[in-house]
Amino acid sequence: MTIEYLADHPEFLPTLAEWQHGEWGYLRPGDSVEARLARLQGWTERSSIPLTVAALAHGQVLGSASLVRHDMDTRPELTPWLAGVFVAPEHRRQGIGAQLVRRIMTEADTLNVSILYLYTVHSEAFYSNLGWSLLEHTAYREQKVAIMTYLPMVPNA
């Protein structure tokens, strides 16, 4: 398995848009697969935010994760965000999600991000195990969520 920039594999955009809409469409009432696809198409930088990486094996996409400026419209002061971490159900519990998250953490570090955010409905323990810290529990779009932070490595002065 490799983790590569989605910008280099646009053929997987429709699949990822379908998967993500199926997983999180309820958080965006009125959203569509087409709207999700348009957002993903805009998240395909290689060395700046927003960017998306994809886990690939044998010519197939297994999952993806993104580094975006904003992910919660109610918290515009928080930026940037780890977003859209998704692994296809048949490939879960193999460490792929953790590798995707670590890759975005590395990308954030490379881009000199001082703090990174995410929100999750049900994966707080997963992210805690990867070095993320709870910022707060709150409600977002009628869901209870945890907002978490990660402090990338800061070079010694």
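The values are calculated or read from the model by the stated rules, or taken from the named source; none is laboratory data. Owing to the predicted nature of the structure, the values given are computational and were not obtained by experimental measurement. Note that each Cβ is placed from the backbone with ideal geometry, even for glycine, and that neighbours are counted across all protein chains shown.
If you go through segment 116-125 one residue at a time, do you hit one that is in contact (Cβ under 8 Å) with a residue 24 or more places away in the chain and assigned to a helix (DSSP H, G or I)?
Yes; the residues of segment 116-125 include at least one that is in contact (Cβ under 8 Å) with a residue 24 or more places away in the chain and assigned to a helix (DSSP H, G or I).
From the set of residues in segment 1-50 that are in a loop (DSSP other than H, G, I, E, B) and among the charged types (D, E, K, R), which is modelled with the highest pLDDT?
This residue is Arg46.
Can Glu4 be described as acidic (Asp, Glu) and more than 30 Å from Ser114 (Cβ to Cβ)? Explain how you work it out, then say what you get.
Values: acidic (Asp, Glu): yes; more than 30 Å from Ser114 (Cβ to Cβ): no.
For Glu4, the condition - acidic (Asp, Glu) and more than 30 Å from Ser114 (Cβ to Cβ) - is not met.
Only one of Gly131, Gly97 is assigned to a helix (DSSP H, G or I) and not hydrophobic (A, V, I, L, M, F, W, C); which?
Gly97
Name the single residue, out of those in segment 91-110 being over 12 Å from Leu62 (Cβ atoms) and among the hydrophobic types (A, V, I, L, M, F, W, C), that is surrounded by the fewest Cβ atoms within 10 Å (Cβ to Cβ).
Ala98
If only one of Ser114, Ser48 is surrounded by fewer than 20 Cβ atoms within 10 Å (Cβ to Cβ) and either in contact with a strand residue (DSSP E or B) (Cβ under 6 Å, 6 or more places away or on another chain) or within 20 Å of Glu136 (Cβ to Cβ) (or both), which one is it?
Just one listed residue meets the conditions, Ser114.
Kindly provide the set of residues from segment 126-150 that are in contact (Cβ under 8 Å) with a residue 60 or more places away in the chain and touching a His at 6+ places or on another chain (Cβ under 9 Å), ordered by number.
Filtering segment 126-150 for residues in contact (Cβ under 8 Å) with a residue 60 or more places away in the chain gives 140-141, 143, 147, 150.
Correct list: Ile147 only.
Determine which member of the set Leu62, Leu82, Leu78, Leu56 is more than 15 Å from Met148 (Cα to Cα), in contact (Cβ under 8 Å) with a residue 60 or more places away in the chain and either of a type in the set (Phe, Trp, Tyr) or surrounded by 15 or more Cβ atoms within 10 Å (Cβ to Cβ) (or both).
Within the list Leu62, Leu82, Leu78, Leu56, the selection yields Leu62.
Hey, among Val154, Val121, which residue is touching a Lys or Arg at 6+ places or on another chain (Cβ under 9 Å) and at pLDDT below 95?
Answer to the selection: Val121.
Consider Leu67 carefully, then state whether it is of a type in the set (A, V, I, L, M), within 22 Å of His21 (Cα to Cα) and assigned to a strand (DSSP E or B).
yes
Go through (1) under 28 Å from Phe12 (Cα atoms); (2) part of a loop (DSSP other than H, G, I, E, B) and name the single condition Glu107 misses.
(2)
Which members of segment 83-94 meet the condition of being farther than 14 Å from Ile49 by Cβ and either within 12 Å of the chain's Cα centre (by Cα) or assigned to a loop (DSSP other than H, G, I, E, B) (or both)? Steps first, answer last, please.
To start, the set of residues in segment 83-94 that are farther than 14 Å from Ile49 by Cβ comprises 85-94.
Matches in segment 83-94: Val85, Phe86, Val87, Ala88, Arg92, Arg93, Gln94.
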